[in-house]
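Would you mind keeping the following structure in view while I ask a few things?
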Amino acid sequence: MKLSKIQRKKYRVRNKIKKFSSRERYRLSVNRSTKNISVQIIDDEKKVTLVSASSNTKEIKSQKKDKKELSKIVAEQLAQKAKNIKITKVYFDRGIYKYHGRVKLLADELRKNGMEF
């Protein structure tokens, strides 16, 4: 079966990360749409999502912020949840998205809140 251009991009980035991943670090996966952004910390060995945060929740949607501010809020939420279960080191999986704009803002805000990648 032939893969589309987007699927090839996603697998190329993800497989590079999985190749170098270790047991001490988990994968931080970013999913971005035109209006929302969501982030997950995933354990690839157990194939389980450990922590997730999204701009699609009621408390964040009620704030009515622009998309860049939503990225910062989601990053703060995820960093707080990760601290609660003692996760500080992750691998950043940007997926098919360029490290630019909202994805970069999200990464910078995660670094400010104590995440290492």
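I need the full set of residues from region 1-53 which are out of contact with any Leu (no Cβ under 9 Å at 6 or more places or on another chain), assigned to a strand (DSSP E or B) and not β-branched (Val, Ile, Thr), in order please.
27, 29, 31, 38, 50
A further question follows. Among the numbered criteria (1) in contact with a Ser or Thr (Cβ under 6 Å, 6 or more places away or on another chain); (2) under 17 Å from residue 113 (Cα atoms); (3) of a type in the set (A, V, I, L, M, F, W, C), which single criterion is violated by residue 42?
(2)
What is the one condition in (1) free of Cβ contacts under 8 Å to residues at least 12 places away in the same chain; (2) hydrophobic (A, V, I, L, M, F, W, C); (3) out of contact with any strand residue (DSSP E or B) (no Cβ under 9 Å at 6 or more places or on another chain) that residue 48 does not satisfy?
With (1) free of Cβ contacts under 8 Å to residues at least 12 places away in the same chain; (2) hydrophobic (A, V, I, L, M, F, W, C); (3) out of contact with any strand residue (DSSP E or B) (no Cβ under 9 Å at 6 or more places or on another chain) applied to residue 48, the lone miss is (3).
Which of the residues spanning region 48-90 are farther than 15 Å from residue 111 by Cα and of a type in the set (Val, Ile, Thr)?
Hits for region 48-90 are 48, 49, 51, 57, 60, 85.
Follow-up. Only one residue in 104, 64 is surrounded by fewer than 13 Cβ atoms within 10 Å (Cβ to Cβ) and of a type in the set (D, E, K, R). Which one?
Answer to the selection: 64.
Still on this structure: What about residue 36, is it under 26 Å from residue 8 (Cβ atoms), touching a residue at least 12 places away in the same chain (Cβ under 8 Å), surrounded by fewer than 18 Cβ atoms within 10 Å (Cβ to Cβ) and touching a Ser or Thr at 6+ places or on another chain (Cβ under 9 Å)? Write out each step before concluding.
Working: under 26 Å from residue 8 (Cβ atoms): yes; touching a residue at least 12 places away in the same chain (Cβ under 8 Å): yes; surrounded by fewer than 18 Cβ atoms within 10 Å (Cβ to Cβ): yes; touching a Ser or Thr at 6+ places or on another chain (Cβ under 9 Å): yes.
Spelling it out, residue 36 is indeed under 26 Å from residue 8 (Cβ atoms), touching a residue at least 12 places away in the same chain (Cβ under 8 Å), surrounded by fewer than 18 Cβ atoms within 10 Å (Cβ to Cβ) and touching a Ser or Thr at 6+ places or on another chain (Cβ under 9 Å).
Give the residue that is modelled with the lowest pLDDT, with candidates limited to residues of region 54-88 that are part of a loop (DSSP other than H, G, I, E, B) and over 24 Å from residue 18 (Cβ atoms). Step through it out loud before you land on a result.
Of region 54-88, the ones part of a loop (DSSP other than H, G, I, E, B) are 55-57, 62-66, 85-88.
Within this subset, residues satisfying the condition of being over 24 Å from residue 18 (Cβ atoms) are 55-57, 62-66.
Details: 55: 94, 56: 92, 57: 90, 62: 86, 63: 84, 64: 79, 65: 84, 66: 91.
Result: 64.
While we're here: Only one residue in 108, 93, 66 is acidic (Asp, Glu) and within 24 Å of residue 7 (Cα to Cα), so which one is that?
Exactly one residue qualifies, and that residue is 93.
The values are calculated or read from the model by the stated rules, or taken from the named source; none is laboratory data. A quick note: this is a predicted structure, and the numbers were derived from the prediction, not measured. Because the Cβ atoms are built from the backbone with ideal geometry, glycine has one as well, and the counts that use them run over all protein chains shown.
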